[in-house]
Amino acid sequence: MATPLTANRVVSALKAEGVKVVEYKSWRTHNRNNAGAWGPVHGVMIHHTVTSGAASSVELCYSGHSTLPGPLCHAVGTKDGSVYLTGHGRANHAGTGSPAVLAAVIDERDSIPPAGFGADGNARFYGIELVNRGDGQDPWPQAQVEAAARWAAALCRAHGWSARSVIGHLEWQAGKVDPRPTPGSADISMPTVRARVAELLKQPPATHTISEEDMPKRYLVEASDYTRTVQPATWTTLNFNRIYDGTKWVEKNPEPSVLLGPCHFTSSLAVRADGLRRGEELQVRLARYREKPSGGSWERVGVLPINSPTHDGGKAHFTYSWTSYLSSTRKERLRAEVQHFGPDPITVDWARCESLYWPA
């Protein structure tokens, strides 16, 4: 039993195990957590897609279909040995299965009871879909089977599990056949996969040092030499005229955006306001803007949760943080906005936004 790994920890564990990782779209925030529990987790489950073609299979597993919304798994293993990450959190991959099997996985028993129904597998297992038609004729390349074993070993190693925490869909839910072996190609049968996972876990993980791409980038902007007038009950975008390039502050023309996408980020915004009276409310938020299809202009397409401090009079600082993402499918950027509910205009005479971000 374990708390699910964070998205960053999943990536690090997979890379350390020698998995060729491809981060697909906004997988880090793509899940079905609104439909039920995610965790505690007890093991990993292997499936086949009943499809062919890498690109279409990955997209299907990410988006789902009319009767089953995505993600349909946490990862997709393609025939070239790549592993595409398609979701993080609850995913529609396991359905209900045998409570006795779940108990055997939790206890890491040597034998697995017959498959059945009744226990929520989507809450308890990580799942990988391997691209294969599942007809007993579509071949299994060795690179694909090895990638699946390394994916499973990475998660088991990170949680301290043995290979007995690895099962196939056919061992979980009655009537399932996946992953189905194909004679004459690499062996995807679950005893063979578990044996390979056990071998990997006896060895140290593949050499992997933290690279620059694993670490967040830093983006820091500041407004320091002008004031911004904020009219009552009107959202006002703050402009930032200084940017920190990593070694020094660079003076630039006022920039309304605090961060450019696509990326995942954590941003902290500090604002100094002058003119609020005691008990008057100031609202602070970050907002997503997207380039219009015609180009050349931007429109607000979403906002992050509003923070609404009430001031005790005079000039003071307000600082808040947000974590979210900017889309990888359309150009997006992040802007800081404020408004207040006093009777007279106020001024913002200083602001700073510091972001740690991971390019998507």
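The values are calculated or read from the model by the stated rules, or taken from the named source; none is laboratory data. Fair warning: this is a prediction, and the values are worked out from it, not measured in the lab. Glycine also receives a Cβ, built like all others from the backbone with ideal geometry; neighbour counts cover every protein chain displayed. Please note that ligands, DNA and RNA were not included when accessible areas were found on the heavy atoms of the full protein model with its side chains. Shrake-Rupley method; radii C 1.70, N 1.55, O 1.52, S 1.80 Å.
Some points to look at:
- Violating pairs (Cα-Cα greater than 26 angstrom) within the set Lys15/Lys176; Lys20/Lys217; Lys248/Lys331; Lys25/Lys217; Lys15/Lys202: Lys15/Lys176; Lys248/Lys331
- Taken over region 133-194, the ratio of Cα radius of gyration to 2.2 N^0.38 Å equals 1.15.
- Each residue of the chain gets 169 Å³ once the volume of the Cα convex hull is shared out per residue.
- Spin-label model distance (nm) - Ala186 vs Asp110, 7 Å beyond Cα toward Cβ: 2.9 nm
- Near the amide H of Arg90, within less than 5 Å, lie the amide hydrogens of Arg32, Asn33, all on another chain or at least 5 residues away, with H placed in the peptide plane.
- Per residue, in Å², the accessible surface of the chain once ligands and nucleic acids are set aside, probe 1.4 Å: 44 Å²
- Neighbours of Trp151 by Cβ distance under 15 Å: Lys/Arg scored +1, Asp/Glu scored -1, total +2.
- For the chain, the Cβ-based charge dipole about the Cα centre amounts to some 160 debye (Lys, Arg positive; Asp, Glu negative; other atoms uncharged).
- Across the options Asn239, Thr96, Gly302, the greatest Cα extent toward the positive end of the charge dipole of the chain (unit charges at beta carbon of Lys, Arg, Asp, Glu) belongs to Asn239.
- For the chain, calculated [θ]222 nm from helices alone, where every DSSP H run of n ≥ 4 adds -39500 (n - 2.57): -5500 deg cm²/dmol
- Net charge, Arg90 excluded, C-beta distance under 13 Å - Lys, Arg +1, Asp, Glu -1: +1
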